[in-house]
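Values in this text are rule-based calculations from the coordinates and carry no lab data. Everything quoted here is computed from the prediction, not taken from an experiment. Cβ placement follows ideal geometry from the backbone for every residue including glycine, while neighbour counts extend to all protein chains displayed.
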Amino acid sequence: MSESSSIDSVLKETRTFAPPAAFTAQANIRSEEQYNTMWQRAKDDPAGFWGDLAREHLHWFRPFDTVLEGEMPETRWFSGGTINASYNCLDRHLETERRNKAAIIWEGEPGDTRVLRYQDLHREVCRFANVLKGLGVEKGDRITLYMPMIPELTIAMLACARIGAVHSIIFGGFSADAVADRNNDAQARIVITADGGWRRGREVPLKAAVDAALEKSPTVEKVVVVRRTGGEVDMVPDRDFWWHELTEGASADCDAVEVDAEHPLFILYTSGSTGKPKGVLHSTAGYLLGTTMTTQWVFDLKEDDTYWCTADIGWITGHSYITYGPLSNGATVVMYEGAPNWPDEGRFWEIVEKYRVSIFYTAPTAIRAFIKWGNQWPEKYDLSSLRLLGTVGEPINPEAWMWYREVIGQERCPIVDTWWQTETGGIMISPLPGITATKPGSCGRPLPGVVPDIVSSDGTSLPANEGGLLVMRQPWPHMLRTLYGDHERFKQVYFSEIPGCYFAGDGARRDEDGYIWVMGRVDDVINVSGHRLSTMEIESALVAHERVAEAAVVGFPHEIKGEGIFCFVTLKDGEGDEALQQELTQHVRDQIGALATPDRVRFAPALPKTRSGKIMRRLLRDIAAGRESVQDTTTLEDLSVLARLRDEEE
């Protein structure tokens with residue numbers, strides 16, 4: 001951000017909502033004093049704070065000698081300790097009443113269901129861990145998982161962790177070339193996949209993509225295939241094996257391997273950029289502690305909760321808040337395989353009613369889709385079991401936040417709007433549902449152990465309500481340790497912008513109450529006549545209009561302003577016309593000011609999104625600029641959306 005020291009903040013939001021007294025009375029963190037004491041101790045004495053939590057909340061085979069060594073970016077946590085993530089997620093619960101508690105309640109898109117109790121999950125994990133050992137897998141080997149959202153995905157993750165193998169999960173929407181790139185970067189020995197998965201009533205052919213990827217993946221020796229859809233697949237002799245045949249005779253006894261606290265747990269490749277993928281590597285103990293504690297703090301997890309995070313495990317949200325965090329806490333987790341609008345737009349709410357879901361965690365883009373589909377869908381179902389709502393993935397605009405509170409939460413459920421990243425491993429900034437008076441659009445204050453700052457490009461701390469770079473000034477246990485095979489790139493990408501700090505890549509401001517408002521990626525900032533404007537704030541203004549369901553704002557070359565403001569708008573209903581374009585332009589001007597007046601407003605029936613729900617703004621920037629896109633589109637949910645936008649532009 002060399003051209004200016006700050007980002008102009010134009011979003012004004014003054015509404016606040018205190019947590020219900022009944023919620024506060026039972027909350028895990030129930031007073032400001034408790035939070036302040038925890039946060040200050042974690043800042044002043046991180047070794048003491050995290051060391052105590054690690055001893056209390058994790059099982060260690062050998063206790064650690066030292067909590068924290070070094071400074072960012074070269075830190076080590078819990079040196080001398082040995083641990084196993086699979087043991088912490090499974091074995092220790094078998095000594096309690098949780099052995100008969102549901103660990104996973106799974107529903108496939110066609111409607112088939114399975115329930116795995118903790119003892120069932122433990123048995124299946126041990127069996128598959130023995131299968132992996134029989135295939136020659138050793139501690140430290142990298143294993144690629146390219147699978148649908150089925151229980152075998154969680155089983156495979158925990159089986160890898162059990163024997164000290166490093167899993168690398170690739171989201172099932174990626175292309176064969178993307179799978180090959182990741183196989184090669186990780187030098188994976190084994191690929192675990194399925195014949196296919198279900199998405200909107202159609203089979204997604206995963207095994208076929210693996211076959212194509214393996215033509216360019218020389219390190220892969222074996223492939224294990226789950227029979228999910230029953231579709232026809234090619235099985236290469238001596239290379240490809242059916243999961244059910246390998247596990248049928250496998251022993252259910254498999255001791256968890258002791259690994260060093262800093263032993264790699266997984267590699268997860270960040271998507272979205274061209275060029276060589278970035279393999280974010282997380283350690284075992286620090287990551288597990290971070291996800292364990294943040295699950296307790298942010299979701300106020302209780303023994304009788306039924307918890308549903310709607311993310312795909314192929315993304316970090318699924319790693320941290322479907323698998324490791326909830327299972328380490330002995331929670332009951334709902335997993336769903338398919339699309340939120342199959343066979344109709346009520347599917348999510350049907351699942352909430354069916355399983356009496358109490359904690360619901362989803363993405364703002366999903367919420368905006370729910371709004372567009374209409375209130376009649378959630379109103380068909382009994383959502384009274386819900387007691388806490390969460391959002392993840394990107395900043396949520398205030399109007400979507402209010403709809404979520406009023407229609408889904410029925411004005412009684414606190415909302416935790418969480419900010420974090422693949423690289424941070426777990427939630428960093430979030431309301432605490434028992435104590436935080438929430439503000440629509442703000443992710444609240446930092447969690448204990450998180451020391452953020454808003455700074456200018458030269459590292460100077462900025463005053464309240466001035467937008468700048470969001471950085472972390474202190475290490476935390478669940479931060480990434482490196483980019484696999486490229487430590488210099490790791491240091492350059494995350495620690496070179498502001499020396500001594502981790503730079504998140506996001507712009508943000510902190511208000512007078514210490515609440516943080518994330519303004520989106522600094523790459524998405526538009527420089528209009530010398531003013532650096534957050535696209536998220538302009539999008540929020542658009543979505544506040546009664547006819548707008550969703551908006552994406554990008555910059556495009558402008559001969560006078562430098563950059564102009566191009567708005568892609570999806571309406572709740574009906575067609576857009578020139579009169580509505582003018583009305584929306586004036587609406588943004590009224591809401592924000594003349595400096596944010598859109599140059600172009602274009603109506604689109606849908607916006608290009610990944611299957612995780614994120615709008616692919618870089619593709620929209622290419623369309624707005626009238627240039628041919630060379631971006632990776634393999635994770636797009638629907639390629640036809642992009643094709644229609646290009647055709648209309650031409």
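Decide, for segment 244-354, between rounded, prolate and oblate: order the square roots of the alpha carbon gyration tensor eigenvalues as a ≥ b ≥ c, take rounded if a/c falls under 1.5, and otherwise choose prolate if a/b is larger than b/c, else oblate. Rounded, because the longest to shortest axis ratio a/c is under 1.5. Shape of segment 21-508 from its Cα gyration tensor (a ≥ b ≥ c, root eigenvalues): rounded if a/c is under 1.5, otherwise prolate when a/b > b/c, or oblate? It is rounded, given that a/c, with a ≥ b ≥ c, falls under 1.5. The peptide list 291-299, 174-182, put in order of mean Cβ contacts within 10 Å with the highest first, becomes 291-299, 174-182.
Separation of segment 470-488 and segment 140-189, taken as the distance between their Cα centroids, equals 22 angstrom.
Once the Cβ-Cβ distance of residue 304 and residue 375 is raised to the sixth power relative to R0 = 41 Å, the FRET efficiency obtained is 0.90.
Report the calculated FRET efficiency for residue 202 and residue 385 (r = Cβ-Cβ distance, R0 = 45 Å), to the nearest 0.05. Result of the calculation: an efficiency of 0.90. Counting only aspartates and glutamates at least 8 places from residue 302 when in the same chain, those with an alpha carbon closer than 18 Å to its own are 56, 97. For residue 417, the residues whose amide H sits under 5 Å from its own are 391, ignoring neighbours fewer than 5 places away on the same chain, with H placed 1.01 Å from N. Between residue 270 and residue 406, the simple label model (points 7 Å from Cα in the Cβ direction) yields a spacing of 3.7 nm.
Modelled this way, with points 7 Å down the Cα-to-C-beta line, the labels at residue 512 and residue 14 are 1.1 nm from one another.
Here the label points at residue 354 and residue 32, each 7 Å from Cα along the C-beta direction, are separated by 4.4 nm in the simple model.
For the pair residue 245 and residue 100 in one chain, pulling the backbone fully straight at 0.36 nm per residue adds 49.5 nm over the alpha carbon distance. A cysteine counts as unpartnered when no other cysteine's C-beta lies under 4.7 Å of its own; in the chain this applies to 89, 160, 309, 413, 443, 501, 567. Here the ratio of the Cα radius of gyration of segment 187-226 to 2.2 N^0.38 Å is 1.25. Measuring nothing but how far apart in sequence close Cα pairs (under 8 Å, 6+ apart) lie, relative to its length, segment 21-508 scores a relative contact order of 16 percent.
Based on DSSP H runs of at least 4 residues, each adding -39500 (n - 2.57), what is the mean residue ellipticity at 222 nm of the chain after dividing by all its residues, to the nearest 500 deg cm²/dmol? Estimated from H runs of four or more residues: -8500 deg cm²/dmol. Ranked for footprinting exposure by Cβ neighbours inside 10 Å, fewest first, 578, 262, 152 give 578, 262, 152. Note on residue 222: aspartates and glutamates with a C-alpha under 12 Å away, same-chain residues under 8 apart excluded, are 211, 238, 240.
The C-alpha atoms of the chain define a longest principal axis, and helix 32-44 lies at about 70 degrees to it.
Cross-link pairs exceeding 24 Å in C-alpha to C-alpha distance, out of 276/614; 439/491; 216/614, comprise 439/491; 216/614.
Here, segment 369-412 yields an orientationally averaged convex hull projection of 3.3 nm² when only Cα atoms define the hull.
Placing a label point 7 Å from the Cα of residue 47 along the Cα-to-Cβ line, the residues of segment 463-480 whose backbone N sits under 18 Å from it are 474-478. Could you tell me which of rounded, prolate or oblate describes segment 428-498, using a ≥ b ≥ c as the square roots of the eigenvalues of the alpha-carbon gyration tensor, with rounded for a/c under 1.5 and, failing that, prolate when a/b is larger than b/c and oblate otherwise? Because a/c hits 1.5 or more and a/b fails to exceed b/c, segment 428-498 counts as oblate. Between the helical axis of 285-299 and the longest alpha-carbon principal axis of the chain there is an angle of about 50 degrees. Close amide H pairs (under 5 Å, H built 1.01 Å from N) link residue 104 with 116, 333, residues at least 5 positions away or on another chain.
For residue 571, the residues 5 or more places off, or on other chains, whose built amide H falls under 5 Å of its own are 549, 604. For the chain, the longest principal axis of the Cα atoms and the long axis of helix 578-591 meet at an angle of about 80 degrees. A straight chain from residue 114 to residue 579 at 0.36 nm per residue would run longer than the Cα-Cα distance by 162.2 nm.
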